[in-house]
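Computed from the coordinates by the stated procedures, all read-outs in this text should not be read as laboratory data. Computed from a predicted structure; not experimentally measured. Cβ placement follows ideal geometry from the backbone for every residue including glycine, while neighbour counts extend to all protein chains displayed.
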Amino acid sequence: MEDFGAGSAGRSSHSRRVGEIAHRSLKNRKFAQLLYRIVQYYQPRTIVELGTSLGVTACYLAAANPEAVVHTLEGSTNIAEIASQNFQRIGLHNLRVTVGNFDETLPHLLAGLQTVDLAFIDGNHRREPTLAYFSKLRPGRGPHRY
C-alpha cells in the first residue's frame, strides 16, 4: 500500500491486513454517529473527506444525506479499491472516490466544485499538511469562492 501521510505509528511495512487497517483507522461508533447526525441536520450538498481508508466514515456521511455528493480522497489505490467495494456492497451511489496524493488531487477536485458545504480531514495527520488542506478548503480560499 502507498502511504503519503504520516504513516502508521505501529507499522513500518508497506503491507498490512484489512483487519489491522480497520483496528488502527476506523472512527469509534459514537464519533461516526455524530458525523451522521451533523450531516442529517445541516444537509450539506457537497462533502469532501480526506482519508477514505476502508470507507466506513464516508458511508455514514453519504447515508445521512442521499442527495449529497461525498467526494472522498484516498492515497492508497489498494485501500480505495476496498472502500469502493464496500460502497457498492452497501448500495451507496452518492460517493466519488479520488485516489492519489492529496497535494495533487485536492486542488484538482476543488477546481471542479463551486462549493464545499462540509469537509472532514482525516488523512495525513501531520501538522503542516493538515493546515494546508484546511486553508484550501476554507471558504474564500483557493481557486473558488463559496
What are the residues in the range 36-55 that are under 14 Å from Asn94 (Cα atoms), more than 10 Å from the chain's Cα centre (by Cα) and β-branched (Val, Ile, Thr), if any?
Val39, Thr46
Pick from the range 25-64 the residues that are among the β-branched types (Val, Ile, Thr) and assigned to a helix (DSSP H, G or I): which of them is surrounded by the most Cβ atoms within 10 Å (Cβ to Cβ)?
Thr57
Please give the number of the condition Thr72 fails out of (1) polar (S, T, N, Q); (2) more than 17 Å from Leu35 (Cα to Cα); (3) free of Cβ contacts under 8 Å to residues at least 60 places away in the same chain.
(2)
Being in contact with a Ser or Thr (Cβ under 8 Å, 6 or more places away or on another chain) and surrounded by 15 or more Cβ atoms within 10 Å (Cβ to Cβ), is that true of even one residue in the range 124-140?
yes
